[in-house]
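Below you'll find the structure, written out as structure tokens, and then a few comments.
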Amino acid sequence: MASSSLLWLCSSNALISPATLLKAHPRFPIRQRFRCSLVEPLKFENGKPHFPLLTSGPAFPTFLSPNSHFQNDINKHDTRLRIFSGTANPALAQEIACYMGLELGKIKIKRFADGEIYVQLQESVRGCDVFLVQPTCPPANENLMELLIMIDACRRASAKNITAVIPYFGYARADRKTQGRESIAAKLVANLITEAGANRVLACDLHSGQSMGYFDIPVDHVYGQPVILDYLASKTICSDDLVVVSPDVGGVARARAFAKKLSDAPLAIVDKRRHGHNVAEVMNLIGDVKGKVAVMVDDMIDTAGTIAKGAALLHQEGAREVYACSTHAVFRYSSCNRKIVKWSFPRGNHNKHHPSVRAKLFSSVDCPLCGKPSGRDHMACS
């Protein structure tokens with residue numbers, strides 16, 4: 001009887017546990033037991049078999065049926081990359097997020113009656129790579145403090161990596177001591193950002209390359225030349241009629257690199273004597289611009305004193321047309337024929353005062369964060 005029951009268990013398709021086999025034939029020695037061959041072996045090609053719980057079949061009750069809206073929300077937020085925007089330039093952050101195919105992270109930023117800034121993340125960033133888009137444009141101190149508090153909020157929320165995306169680094173001009181008893185504010189701001197908890201900084205066209213050395217964390221320095229070069233190429237200006245002009249001696253290296261991109265165009269230099277901050281006086285011009293299209297290249301246009309007086313000098317020297325190319329547009333007035341700027345600032349304020357500006361916007365393509373392959377590589381390496 002026991003033998004027949006054992007034979008019945010082996011011939012069936014059921015899985016036989018050792019306890020069942022021992023109960024069926026208790027006197028059968030364990031070492032002499034044989035293994036039953038299954039009629040149809042299990043297929044474990046990709047590991048253990050998976051049995052989905054949520055199916056559209058009628059075997060499950062309605063409360064277990066899949067919810068398409070819920071699944072879309074999961075897929076939309078099923079990423080370890082988060083992009084948050086401060087109040088300095090939300091339009092730029094929105095363009096970056098759209099290019100990446102993501103939505104801006106939900107964040108609450110408000111100011112108390114005494115001017116204090118309050119920041120609260122409205123979603124979890126635990127274990128995520130967080131990018132905070134916040135240029136330190138005017139008001140520089142307000143936006144800088146807001147960035148520091150955003151970094152601190154992400155650090156206390158257990159973010160894996162925090163990257164401060166600063167298209168305009170406002171204190172980059174204070175990068176050295178030109179007189180006694182001066183401060184180096186660029187180094188101070190770099191220390192503040194580092195101590196707040198940032199793991200990386202992404203900046204665009206710093207005033208000087210040495211500012212990268214002020215940070216004790218990695219700095220990705222993005223250049224705006226490709227966008228401006230594409231715009232100039234669309235104007236179909238003959239290379240023989242083109243001359244690149246540096247508005248001051250300090251920008252010669254920047255202008256020379258720009259001239260090499262324009263078929264090694266000739267270079268001219270404006271000799272500028274500055275008597276005070278935001279006050280410039282042009283003395284003379286080094287180079288020939290007569291009958292040519294002059295392209296002045298600078299990293300920023302603040303009060304436009306340098307650009308305006310430089311353009312006036314170029315017209316006096318016989319330049320046919322003057323273009324002013326800049327990444328950071330802090331200008332209030334200018335006498336150039338064309339101004340080519342890349343908006344690291346909110347656009348509305350500038351268009352209100354300069355409706356005739358031909359602007360090439362700050363494109364998200366230039367930013368390593370916003371290129372999809374670069375974004376993936378950054379996440380993989382971080």
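The values are calculated or read from the model by the stated rules, or taken from the named source; none is laboratory data. Not measured: the values here are computed from a predicted model. Virtual Cβ from ideal backbone geometry, glycine too; neighbours counted across all protein chains shown. The area values use the complete protein model at the heavy-atom level, side chains included, leaving out ligands, DNA and RNA. Shrake-Rupley method; radii C 1.70, N 1.55, O 1.52, S 1.80 Å.
Worth pointing out:
- Label-to-label distance for GLU317 and SER263 is 2.1 nm, based on points extended 7 Å past Cα in the beta-carbon direction.
- Note that the stretch 225-329 presents 45 Å² accessible area per residue, ligands and nucleic acids not counted, probe 1.4 Å.
- Segments 82-94, 214-226, 159-171 sorted - mean Cβ within 10 Å per residue, highest first: 159-171, 82-94, 214-226
- In summary, the aspartates and glutamates within cross-link reach of LYS108, defined as a Cα separation below 12 angstrom excluding same-chain residues under 8 places away, comprise GLU123, GLU146.
- Among 177-185, 292-300, the order from most to least packed when residues are scored by Cβ within 10 Å on average: 292-300, 177-185
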